[in-house]
Ligand code: F6P
């Protein structure tokens, strides 16, 4: 492996300063040759420095890291999450009928299907008004969860708004009382269903918000528990909390929180769009799973998305990656991918316990286009740092009569990746200033501000339309890209020990915030801030 990294470093050196536009001049078929296609989607990675030789070297790197072997282990239910001793089987939640997946010698699929059938029964009952609240048909659903128990369903509900024909869905995650206060303020307890979504059923933010929702419900309805549903891996805790067993939807510990939207954590999505469309969402993901396992590396979308990521971050050293969906309904996707990628691959230790010598994962950030263009694209175009961009765009929107909006959206998306690649040289900038009537030193100075270096890499994911199936494919594509990058870096992408220390310290500080003695040995800064916030 270290030899491969050295080879890639050498290749980077040899390609320094090479214009991506020249690659197009040399190869008229470059766009086709550097696009992976699958089932109505195209991943164009031609606007990067990748050429045939470099792509082959990156594929070699993946092979040497054992991506294919680890991938099959994952799908087969091997305990690849070694630091927690667990299998990693979110793919089982969306596996098609007839598939068997064994964990410790037992097929887990019958239980997966039973739980999904129970979810469908509840969802369809709520949607039809046959499962009712104590004040009539349920009009509003509040999902209380955080991290993976919030970001996936919240993102998917927003993404699939055109298909949303069930009760309204709301999402409360932050322990900041403002979140639950403002959400419940507009709702009627008797016609509201509260979903408490927590894999562990111990997360302090979720349990605090759930208790507040319970008190709100208790003030108005005779049997508050009947307006609640729990989603958890710990059915015992949910029962202790007072939720009847038939209202508890469990899932196994082999589903990581940030990979959990495919099962019961997706209940709010199923209630919103219906069980049939939820099946389409799962079907899209299952199709991407099959593509990931079967397509040869150069045409394999997750593989190539991962390898361009490795090239940009681990080899070229670009610290961040922007996700730029030109799709307003994917506004929450950057936050979703932030958790997926940064909680999975934000690691400093290799599987064998040794310290990594290069960062495993980039900072992932972004916002929908075209809004971002009027906010942070300035830096992406002219800042000194290079930010590889990942654009997403649909061929068609859902809004009949507003096709002219969509045409503008497409033009902007394409223009941005084009501008990043081509840039604008000093000669062209001078020409512009000359045309504006400037001369001499003033012309030179003003022209310098209008230079774009160009040669900035991007990939574009184009798809026909954001349907439930397409969304399933897109999320699964990103899950597998994270997996490939994690295997190449030799890390465990499925634990998240890095979130623990802060949680422990918050618990230790809570009594002092409430007025008790300040813990001994606390640092001066924290003590002074505590004093200030206690108003003393
Ligand atoms: O603290 C991080 C984390 O464990 C995430 O991985 C998870 O998605 C989130 O908290 C919520 O956890 P739970 O579903 O157990 O409440």
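Coordinate-derived values only; no laboratory data. Treat the numbers as computed from the prediction; the structure is a model and nothing was measured. For neighbour counting, all protein chains shown are included, and Cβ atoms are generated from backbone atoms with ideal geometry for every residue, glycine included.
Observations, loosely collected:
- Crossing angle, helix 468-489 versus the chain [Cα axis fit, 0-90 degrees, rounded to tens]: 70
- Per the Debye formula on identical point scatterers at the alpha carbon atoms of region 301-388, with no solvent, log10 I(q)/I(0) at q = 0.16, 0.21, 0.26 Å⁻¹ is -0.71, -1.11, -1.38.
- Volume of the convex hull of region 203-256 (Cα atoms only), normalised per residue: 73 Å³.
- Using the Cβ-Cβ distance between residue 398 and residue 128 with R0 = 30 Å, the FRET efficiency computed as 1/(1 + (r/R0)^6) comes to roughly 0.75.
- Computed log10 I(q)/I(0) for region 422-496 at 0.27 Å⁻¹: -1.10, from the Debye equation with unit scatterers placed on every C-alpha and solvent omitted.
- Using the Cβ-Cβ distance between residue 16 and residue 411 with R0 = 35 Å, the FRET efficiency computed as 1/(1 + (r/R0)^6) comes to roughly 0.60.
- With all projection directions averaged, the alpha carbon convex hull of region 7-54 covers 3.7 nm².
- Kirkwood Rh in Å, taken over all unlike Cα pairs in region 97-279: 16.3
- Under the criterion of Cα pairs below 8 Å and six or more residues apart, the relative contact order for region 136-199 equals 56 percent.
- Out of every Cα-Cα pair that region 6-88 contains, those further apart than 15 angstrom amount to 69 percent.
- For a label point 7 Å along the Cα-to-beta-carbon line of residue 246, residues of region 97-122 with backbone N under 19 Å: 114-122
- Length released on extending from residue 69 to residue 25, taking residue separation times 0.36 nm less the Cα-Cα span: 12.1 nm
- Of all DSSP beta bridges in the chain, antiparallel share, percent nearest 5: 30
- Compactness of region 70-163 - radius of gyration and Dmax, Cα, Å: 17.2, 52
- For region 239-359, convex hull volume per residue from C-alpha positions, Å³: 187
- Ordering 428, 294 by the number of other Cβ atoms within 10 Å of each residue's own Cβ, fewest first, gives 294, 428.
- Shape analysis of region 352-452 yields a ratio of the Cα radius of gyration to the Kirkwood radius, Rg/Rh, of 1.13.
- Label-to-label distance, nm, for residues given as residue 527 and residue 165 (7 Å Cα→Cβ offset): 6.5
- The angle separating the long axis of helix 500-513 from the principal Cα axis of greatest extent in the chain is about 60 degrees.
- Linear extension gain, residue 235 paired with residue 355, 0.36 nm per residue minus alpha-carbon span: 39.5 nm
- At full extension, residue 497 and residue 220 could sit 95.7 nm farther apart than now, given 0.36 nm per residue minus the alpha carbon distance.
- Over every Cα atom in region 138-220, the radius of gyration and the widest Cα-Cα span, Dmax, amount to 12.3, 35 Å.
- Using C-alpha pairs below 8 Å separated by at least 6 residues, the relative contact order for the chain is 19 percent.
- Residue exposure proxy: 483, 38, 376, ordered by other Cβ atoms within 10 angstrom of their Cβ from fewest to most, comes out as 376, 38, 483.
- Cα-based helix-to-principal-axis angle, 403-422 vs the chain, degrees rounded to 10: 50
- Ratio of the Cα radius of gyration of the chain to 2.2 N^0.38 Å, where N counts its residues: 1.05
- Computed E for residue 504/residue 97 - FRET, C-beta separation, R0 41 angstrom, nearest 0.05: 0.40
- Residue exposure sequence - 493, 96 - by fewest surrounding Cβ within 10 Å: 96, 493
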